[in-house]
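Below is one structure, written out as structure tokens; comments come after it.
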Amino acid sequence: MKLGDFLNSINYTKEDLFFEDEENASKNYPAFVVNRCLSYFPDTIIHANEMNLHSQLNSREQFHYLKGSIRKRKRFSKWMKDEKSDDLEVIKRYFNYSNGKAKEALRILSNDQINQIKEYMSEGGEKP
């Protein structure tokens, strides 16, 4: 069983995947990822948060709660990803920082300082 099977069952088919193969389903149920996927929709975010608050429940109990409490509807969303920033990449290379440290540095540095770092780090060639 895959993530898509669980989400499809919770959102639309309402099929009990744990009844068919409980051992395999409980082993493959990604509770955190399911909750994150459900958190993108206004009508399911409260249920996802409730499962985050009650993470001590086993995967079968979490699945059945979500399947029973969420209205039947097709829901599709794309994963939210951090946007890559040229400034961030330059700061990471210049200071040899991680993403988190570079984001902090970007908040502190002025535009002039960032431009100076970009100029220093430029690898030559023709500018567009």
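Bear in mind these aren't lab numbers, they're just calculated from the coordinates by the rules spelled out. All of these numbers come straight from a predicted model, not from anything done at the bench. In this analysis, Cβ positions are derived from the backbone assuming ideal geometry, glycine residues included, and neighbour counts consider all displayed protein chains.
Points worth noting:
- Local electrostatic count, ILE117, Cβ distance below 14 Å [Lys/Arg +1, Asp/Glu -1]: -3
- Which of ILE108, ILE70, ILE10 has the fewest Cβ neighbours within 10 Å, and the rest in rising order: ILE108, ILE70, ILE10
- In this calculation the C-beta distance from ASN49 to ARG71 is compared with R0 = 22 Å, giving a FRET efficiency of 0.85.
- Principal-axis analysis of the Cα atoms of the chain puts helix 99-108 at an angle of about 50° to the longest axis.
- The base-10 log of I(q)/I(0) for the chain, evaluated at q = 0.10, 0.11, 0.19, 0.23 Å⁻¹, reads -0.53, -0.58, -0.94, -1.29 [Debye formula, identical scatterers on Cα atoms, solvent excluded].
- The chain: angle of helix 59-69 to the longest principal axis, Cα-based, in degrees nearest 10: 80
- Trypsin sites (Lys or Arg not before Pro), loop per DSSP, at most 15 other Cβ atoms within 10 Å - longest free stretch of the chain: 15-70
- Efficiency of FRET between GLU15 and ASN58 - r from beta-carbon atoms, R0 25 angstrom, step 0.05: 0.85
- Pair-distance distribution of the range 3-69: all C-alpha pairs, bin width 5 Å, starting at 0; shares per bin in whole percent are 3, 19, 34, 28, 12, 3, 0.
- Alpha-carbon centroids, the range 43-72 and the range 5-34: separation in whole Å: 12
- Out-of-range pairs (alpha-carbon distance over 30 Å; input LYS2/LYS103; LYS2/LYS72; LYS74/LYS103; LYS67/LYS101): LYS2/LYS103; LYS74/LYS103; LYS67/LYS101
- For the chain, the longest site-free run once GluC sites (Glu not before Pro) in DSSP loop states with at most 15 other Cβ atoms within 10 Å are removed: 16-82
- Compared with the direct C-alpha span, the chain from ASP86 to ASN8 gains 24.3 nm at full extension, assuming 0.36 nm per residue.
- For the range 30-103, the set of chymotrypsin sites (Phe, Trp or Tyr not before Pro) satisfying both a DSSP loop assignment and a count of at most 12 other C-beta atoms within 10 Å is given as PHE76, TRP79.
- Rounded to the nearest 0.05, the FRET efficiency derived from the C-beta distance between TYR97 and GLU119 at R0 = 22 Å is 0.75.
- The chain: angle of helix 86-95 to the longest principal axis, Cα-based, in degrees nearest 10: 70
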